[in-house]
Every structure is written in structure tokens, then in C-alpha cells.
Amino acid sequence: MRLPKVEGTKVRGSTYYSNIRVPPPLRDRYPGKSHIVRSLETSDPKIAKRKVTSLVASRIDEEIKLERASKIEEAIQNLPIDQRRIVEDAGGIDGLIAHYEVSKKAQAFAHVGVTDYITDVPTPSLELKIEEAQDRAAHEVLLDEAVQEAKTLRAVGRDVQIPGNKATDLRELAMAYIEAHGTPRVSHRSYLTPVRRFIELHGDIPLEDLRMEHLRIFPNELKNLTPSRKDGVNELPFKENAKAAKARNLPLMTDSARLKSVDHLKYLTAWAPSQDYLAEDPFKGFTITTRNRKFSEQKLTRSAFDGKEVAAILKYARSERHPHSIDYWGPLLMAYQGARRARCGWTPALSTTLTRKKTTETTCCYDD
């Protein structure tokens, strides 16, 4: 007797088998298979229908989870370097969530410790003062760590509470500014890199606590940094970048690059009052001072490529770069026009790969 047809199944002998199409996003999990075929171990059409429906539901759930994981991974890749580092150090989003819960509890216990001191003692002992100071310092460190973890989780779409109500800072202001102005993605780093450097230098200061003094110090400290992409030095945190620049004698940030960093921070705070982020602009009126240099010192070092190097560049562009990108057409157009190589004259990808050893490394004004 022939068994009745059941959608999503096929019959072999007297047994129903699943016959579910593998969705394109799941093809990598089922290599070489277009359909999932497995025995449902029944000849009853009602049981077969129930089992195959369950299998279809599990495939849909699997596809949704994969899509969600893909979106999270994309969000992680779009995070600023310092926040990506937080995720990586925690071993991924799940690890960061677990670490955040621990940080939040530790911060809460530290807060209890800070508020638990006896305040009606006329002259606290030196030991008590030292203990209180240590607890307050620990509380601030733990609070800052919990805040940074919470903001990173929120940046990838997780709805978590930010401890201490320290939600609005320069980075959130920058993201709001970028969204409001429709800033192209290629220009995001013009704002986010100075913001990252500012936070690395001063900490994640709430907007209302920003002072002119913070901005005054910033460009002076930038003098010690290098924008060099060699071995990923540009991605190092502020202090580590400065240390590597000094130890390896790498080229330092130019005055024009420092000026751009300051200007982009000023664009943000100048916009903030109009959006009710701040009552007034804390950086209004600030100007960066640079030393005057002789005209001869300002000339850029130029170095022409020889014939073999030009051929190598053009071969690399044609074989390794997509025809729809500037990295493909840029070298071709520059070769056609006879353009010479100069600082900031090449795209980062090509300059990193094809820089001549005898000349100064080509770098760009922003470093991530």
C-alpha cells in the first residue's frame, strides 16, 4: 500500500524521510547537500508531518541564529579599535557579557565599601584615610571598566544598563553627529580616531565634565604619537603608541594632522549645544599653536619610482584590487598623469605594501 504524500518528506519503502531544502545561508554547514534527508522512523503520515514540521522549525531557528551572529560579527568589526579590543580580550560577546556582570557586581560592592565609612568621627586616623582613598580609587577603576564594557555591548545591539548614568560622552556625541549629518562611512574615522585618542588620554569623560584644559593638553600629547601603520603601531593605545614611536624612531604626527584632530573634536562640541547635549561649548575659542618653520623645512620629500617599481605597482593594482575601487584606478591614473610619490600621496593599502625602503614610509593623517 502506497503511503500518503506529506509535504517536506519522501517515502522509501514503508518509511517517511525528511526532504527539506538547505537554505543558502546554511550551505556551509551541510557541504555538498541541497536537501536534508533523514529517516523519520515512521509510516504514520500524522507523525511524519509533526516530525518534519519540527525539523523545518529547527532549520529556521538555525538560520535566524546564524543571521544574528553574522550581524553581531559585522557590528564588532565596525567598532572602534579600543572597543574591539575589549570584545577580543573577553573572548567574544558572550564572554564580555559574563565579564560585564562580574564587573558590575564588583563595582557595586566597591561602592558599598566607599559609602560605609563613619562620617561623624572628628579626626579619622591615617590608616582609615588611606583605606578610604584606596577603596575610592578601586571604585573608580571598576566603575570605568563596567561603563566601557556596557557601552561596547550597547554598540553591538545589547540592551544593557550603563552604571553610574555615564551614558553621554564624546564617542556617543560623535556617532550622533555622524548620523545627523549623513557623514559618509569613509569619513567616519576623521571623527572617531581623534575621539578614541582623546578617551585613551583623558579617560571616558562625560560631556558635562569636559574642560578647555583637556583640549589644551591633547594636541601637545599627540606630538608623541606616530600614524605609522607598520606592524599595526597605529592601532596601539595612546601610551603604547608613543613608546613604540620613540623606541623605533618612527615618524611622528605632523602639525596639520594634530590640527585636524583638534578641529574635528571642536566640530562635535560646537554642534552639541544646538542638540541639547551641552549648555555651552567647552572648547569654544581654543586654537592650536604650532611653531613657525623655515620654508625649506616645510618641503615634502619626493622620490620617483623607477620603471620596475611602476610596473610592480600597476601589476599589483590590476591583480589584487577590484575594478570598482579607487585602489584599482588610482595607480593607473597617477601613472598616466606622471604623478610623483609624496607623503599622503598613495592609498594606505598600496603605500604599506609598495613603499620604497630608501624613502620615508608613506602614512596618512588619520590612523585607523
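The values are calculated or read from the model by the stated rules, or taken from the named source; none is laboratory data. Values in this document were obtained by computation on a predicted structure and should not be read as measured data. Heads up, the Cβs are rebuilt from the backbone with ideal geometry, glycines too, and the neighbour counts pull from every protein chain shown. We work out accessible area using only protein heavy atoms, side chains counted, and drop any ligands, DNA or RNA first. Shrake-Rupley method; radii C 1.70, N 1.55, O 1.52, S 1.80 Å.
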Residue within segment 210-222 that is out of contact with any Phe, Trp or Tyr (no Cβ under 9 Å at 6 or more places or on another chain), of a type in the set (Asp, Glu), outside any helix (DSSP H, G or I) and within 30 Å of residue 278 (Cβ to Cβ) present: no
Any chance segment 58-68 includes a residue that's at negative phi, loosely packed, with under 15 Cβ neighbours inside 10 Å and not in a helix (DSSP H, G or I)? no
Options 251, 194, 163; residue that is open to solvent by less than 20 Å² (accessible area, probe 1.4 Å) and modelled with pLDDT of 90 or more: 194
Which number in (1) out of contact with any Phe, Trp or Tyr (no Cβ under 8 Å at 6 or more places or on another chain); (2) open to solvent by 60 Å² or more (accessible area, probe 1.4 Å); (3) modelled with pLDDT under 80; (4) not hydrophobic (A, V, I, L, M, F, W, C) marks the one condition that residue 276 misses? (3)
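Working carefully through the options 22, 6, find the one that is surrounded by 13 or more Cβ atoms within 10 Å (Cβ to Cβ), in contact with a helix residue (DSSP H, G or I) (Cβ under 6 Å, 6 or more places away or on another chain), hydrophobic (A, V, I, L, M, F, W, C) and modelled with pLDDT of 80 or more. Write out each step before concluding.
Numbers: 22 fails: in contact with a helix residue (DSSP H, G or I) (Cβ under 6 Å, 6 or more places away or on another chain).
Step by step, each of 22, 6 is checked, and only 6 is surrounded by 13 or more Cβ atoms within 10 Å (Cβ to Cβ), in contact with a helix residue (DSSP H, G or I) (Cβ under 6 Å, 6 or more places away or on another chain), hydrophobic (A, V, I, L, M, F, W, C) and modelled with pLDDT of 80 or more.
Restricting the search to segment 223-232, which residues are assigned to a helix (DSSP H, G or I) and either closer than 15 Å to residue 196 by Cβ or among the hydroxyl-bearing types (Ser, Thr, Tyr) (or both)? Can you show your working first?
Here is the first cut: in segment 223-232, the residues assigned to a helix (DSSP H, G or I) are 230-232.
Hit for segment 223-232 is 232, nothing else.
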Test residue 235 against the criterion of being in contact with an Asp or Glu (Cβ under 8 Å, 6 or more places away or on another chain), surrounded by 12 or more Cβ atoms within 10 Å (Cβ to Cβ) and modelled with pLDDT under 90, and give yes or no. yes
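Condition first: of a type in the set (D, E, K, R), open to solvent by 30 Å² or more (accessible area, probe 1.4 Å) and not in a loop (DSSP other than H, G, I, E, B). Can you find one or more residues in segment 31-46 that meet it? Give the steps one after another, and end with the answer.
At the first step, the residues of segment 31-46 found to be of a type in the set (D, E, K, R) are 33, 38, 41, 44, 46.
Checking which are open to solvent by 30 Å² or more (accessible area, probe 1.4 Å) leaves us with 33, 38, 41, 44, 46.
Still in the running and not in a loop (DSSP other than H, G, I, E, B): 46.
Yes, there is a match, as at least one residue in segment 31-46 is of a type in the set (D, E, K, R), open to solvent by 30 Å² or more (accessible area, probe 1.4 Å) and not in a loop (DSSP other than H, G, I, E, B).
Can we say residue 240 is open to solvent by 20 Å² or more (accessible area, probe 1.4 Å) and not in a helix (DSSP H, G or I)? Reasoning before the result, please.
Working: open to solvent by 20 Å² or more (accessible area, probe 1.4 Å): yes; not in a helix (DSSP H, G or I): no.
In short, no.
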